Amino acid sequence: MTVYWVIAYFLVLVLAMIYKTPIMRGPWLFLLRSFFPNWKFFHAVGYVPHLYARAATASATGDMVWSEWVHLYPRLPQNFWCLFHNPETNLGLAQQNLIDHFWADLHDLPEGDDPRQLVTYQMVSHFVDGVLLEKYPTYSQKQFELRMLLDSSTQTIHTHVMMTSPAEARS
């Protein structure tokens, strides 16, 4: 009798690996996503999405002068006291979760569709506005990039730009 249970168990595992579940979409489902973390961090070990942005200010001649690309939120170092009260790291985790959802939405977007219509794109754009406003209070245009980084324990091995936004006016 136990042999049948073992065989049934492995059949269910094989079916689960073969059968692809459909992607559920909709505005109400998107709002519910905020209650659940993105558990895809074990899904594809390797490249990790990172967000970079730059700002442009008008020069005296009227030309736009762009800043260097800025990594918006590098990982914060951990310490023992953060175990009890850690609002900065919690905010950083929520922001990284947004970037992970943005990456997943871009990955699932059909070829040729405009990513600016995605809710996650608009949320990331708003997030970029807030960060750039702190660094460059007089900026007039912004641009951001989603890069896929393959890191080792000491350095970045490879970078792939997944998406670069068009230059947009500050909102």
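The values are calculated or read from the model by the stated rules, or taken from the named source; none is laboratory data. None of these values were measured; they are calculated from a predicted model. Positions of Cβ are generated from backbone atoms using ideal geometry, with glycine treated the same way; all protein chains shown enter the neighbour counts.
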Residues of the range 48-98 being under 16 Å from SER125 (Cα atoms) and without any contact (Cβ under 8 Å) to a residue 12 or more places away in the chain, which ones? ALA94
Does GLY92 meet the test of being on the phi > 0 side of the Ramachandran plot and not β-branched (Val, Ile, Thr)? no
Among (1) out of contact with any Asp or Glu (no Cβ under 7 Å at 6 or more places or on another chain); (2) modelled with pLDDT under 75; (3) surrounded by 10 or more Cβ atoms within 10 Å (Cβ to Cβ), there is one condition MET64 misses while meeting the rest; what is its number? (2)
Selection status of ALA104, touching a residue at least 60 places away in the same chain (Cβ under 8 Å), buried (at least 16 other Cβ atoms within 10 Å of the Cβ), closer than 30 Å to LYS20 by Cα and among the hydrophobic types (A, V, I, L, M, F, W, C): yes
With (1) closer than 26 Å to GLY62 by Cα; (2) in a strand (DSSP E or B) as the list, and LEU146 as the residue in question, which single condition is left unmet? (1)
What is the number of the single condition among (1) under 21 Å from PRO49 (Cβ atoms); (2) in contact (Cβ under 8 Å) with a residue 60 or more places away in the chain that SER140 does not meet? (1)
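Matching residues to (1) at pLDDT below 90; (2) within 20 Å of VAL48 (Cβ to Cβ); (3) touching a His at 6+ places or on another chain (Cβ under 6 Å):
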{"position": "PRO87", "(1), (2), (3)": "yes, no, no"}
{"position": "ASN90", "(1), (2), (3)": "yes, yes, no"}
{"position": "LEU93", "(1), (2), (3)": "yes, yes, no"}
{"position": "GLN96", "(1), (2), (3)": "yes, yes, no"}
{"position": "ASP114", "(1), (2), (3)": "no, no, no"}
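Residue by residue, here is whether (1) in contact with a Gly (Cβ under 6 Å, 6 or more places away or on another chain); (2) at positive phi; (3) crowded, with 16+ Cβ neighbours inside 10 Å; (4) not in a strand (DSSP E or B) holds:
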{"position": "GLN122", "(1), (2), (3), (4)": "no, no, no, yes"}
{"position": "SER125", "(1), (2), (3), (4)": "no, no, yes, yes"}
{"position": "LEU132", "(1), (2), (3), (4)": "no, no, yes, yes"}
{"position": "ILE157", "(1), (2), (3), (4)": "no, no, no, no"}
{"position": "VAL161", "(1), (2), (3), (4)": "no, no, no, no"}
Members of the range 111-120 found to be part of a helix (DSSP H, G or I) and in contact with a Phe, Trp or Tyr (Cβ under 9 Å, 6 or more places away or on another chain), listed by number: PRO115, VAL119, THR120
Would you mind stating whether TYR52 is closer than 24 Å to ARG170 by Cα, touching a strand residue (DSSP E or B) at 6+ places or on another chain (Cβ under 6 Å) and at pLDDT 90 or above? yes
Within the set of pairs 6+ apart or on separate chains, which have a first residue in the range 157-171 that is within 18 Å of ASP113 (Cβ to Cβ), a second that is at pLDDT below 85 and not hydroxyl-bearing (Ser, Thr, Tyr), and C-beta atoms under 7 Å apart? none
Which condition number does ASP113 fail, the rest of (1) free of Cβ contacts under 8 Å to residues at least 12 places away in the same chain; (2) in contact with a Ser or Thr (Cβ under 7 Å, 6 or more places away or on another chain) being met? (2)
